[in-house]
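See below for the structure under consideration.
Please treat every number below as a calculation from the coordinates, not as lab data. If you're wondering where the values come from, they're calculated on a predicted model, not measured in any experiment. Methodologically, a virtual Cβ is constructed for each residue, glycine included, from the backbone with ideal geometry; neighbour enumeration extends over all protein chains shown.
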Amino acid sequence: MVRKVIFTAALFMGLQQAKAQLMESFVHQGEVGVSIGAAHYFGDLNPNIKVNRPKIAAGLFFRKQISNYIGVRVSADYAMLGYSDIYSDNAAQRRRNLSFNSNVWELAVAGDFNFFRFQPGFKGYHYTPYVGIGVGVFSYDPYAYLNGEKVQLRPLGTEGQGSSLYPDLKPYNPIAISIPFTVGFKYALNEQMNLFGELTYRFTNTDYLDDVSGQYAPDAFPPLPDGSPSPAFLLQDRSYETGTSIGIKGRQRGNSPQKDAFATFKVGVSFSLQSYKCPTVTTR
């Protein structure tokens with residue numbers, strides 16, 4: 001009986017040692033992957049951070065594993081953002097009646113941390129939650145529709161940017177910085193393929209994702225030669241569509257101290273990059 005116990009214990013220890021050596025031989029180098037999901041905007045038109053108008057998001061990435069728990073990721077993402085005052089519960093905001101859509105293209109680099117060791121192909125090491133933080137740069141192009149026609153908002157200077165009447169207001173930069181925070185979970189189906197889902201919230205350094213930030217400047221938009229209002233005048237204040245115009249010069253149009261933000265939730269598939277390390281043999 002004692003011999004059986006000793007034999008079983010020795011066999012178990014031998015198998016565990018063999019598994020450990022096998023795991024050390026297969027080195028998880030990283031992953032490449034693609035994802036698709038939804039994006040949502042938060043800002044002057046959505047100050048209460050409602051998640052009720054998601055739009056499409058997609059991305060791809062390369063992750064280099066530095067250790068069993070830490071990796072560095074380079075990603076490229078697309079997000080469609082948009083919102084309207086008509087979705088607000090605030091009567092004054094619905095009267096403002098502004099809206100926008102925007103295509104966002106982002107490049108980012110981030111550090112990832114796996115809570116568990118992730119080694120695809122080995123039972124017990126085939127899943128992990130993870131978190132990440134990084135920095136990115138993105139482009140955006142807010143636009144709206146006027147009489148069914150798509151109109152880019154930035155060139156219009158809807159708050160007086162670029163007008164000689166407001167020399168201190170310069171057109172805002174269509175390139176901005178993001179600080180993405182990510183939480184996610186990944187699961188290895190086998191040695192090569194993984195499934196994952198992740199939520200990323202991005203702080204930004206711009207308040208113009210929605211083209212709304214400062215004050216009304218109706219005097220910056222003279223009428224057209226035929227006396228009709230210009231597209232810029234009609235788009236800088238659309239409260240006339242819901243009642244008497246509220247776009248008085250100097251009245252607050254947005255909340256400039258509070259920067260805009262956006263988030264994405266995506267699911268995707270990644271492919272593991274692994275290499276084989278020959279075990280070292282020591283001689284005496």
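Could you order the peptides 246-257, 77-88, 176-187 from most to least packed, using the average number of other C-beta atoms within 10 Å per residue?
Listed from highest to lowest mean packing, they are 77-88, 176-187, 246-257.
For the Cα atoms of the chain, what angle does the longest principal axis make with the long axis of helix 2-25, in degrees from 0 to 90, nearest 10?
Once rounded, one gets 40 degrees.
With the convex hull built on the Cα atoms of the range 126-176, state its orientation-averaged projected area in nm².
Working: hull surface 28.6 nm².
That works out to 7.2 nm², a quarter of the Cα hull's surface.
Convert 25 °C to kelvin, take the viscosity as 0.890 mPa s, use the Kirkwood radius over C-alpha pairs of the chain as Rh, and evaluate the Stokes-Einstein diffusion coefficient in µm²/s, rounded to a whole number.
Answer from the Stokes-Einstein relation: 110 µm²/s.
Suppose every Lys and Arg Cβ carries +1 and every Asp and Glu Cβ carries -1, with no other charges. What dipole size does the range 108-207 come out with about its Cα centre, to the nearest 20 debye?
320
In whole angstrom, and with the biggest value first, how far do the Cα coordinates of the range 178-284 range along each principal axis?
Dimensions of the range 178-284 along the principal axes of its Cα atoms: 95, 26, 26 Å.
Among PHE265, ALA220, GLY250, flag the residue with its Cα farthest along the positive direction of the charge dipole of the chain, charges on Cβ as +1 for Lys/Arg and -1 for Asp/Glu.
Projecting each Cα onto the dipole axis, the largest value belongs to PHE265.
When ranked by the protection proxy of mean other Cβ atoms within 10 Å per residue, highest first, what sequence do the peptides 231-241, 64-74, 96-106 form?
Answer by packing, highest mean first, reads 96-106, 231-241, 64-74.
Listed highest first by mean packing, meaning other Cβ atoms within 10 Å per residue, what order do 31-44, 148-161 come in?
On the way: 31-44: 20.9, 148-161: 16.9.
Per-residue Cβ counts within 10 Å, averaged per peptide and sorted highest first, yield 31-44, 148-161.
Take the eigenvalues of the Cα gyration tensor for the range 75-230, scale each by 5, and report the square roots as semi-axes in whole Å, largest first.
Here the semi-axes work out to 44, 16, 13 Å.
So what's Rg/Rh here for the range 24-137, counting alpha carbon atoms and using the Kirkwood radius for Rh?
1.14
Looking at the range 151-207 from every direction and averaging, what is the projected area of its Cα convex hull in nm²?
Working: hull surface 26.2 nm².
The Cα convex hull of the range 151-207, projected and averaged over all directions, gives 6.6 nm².
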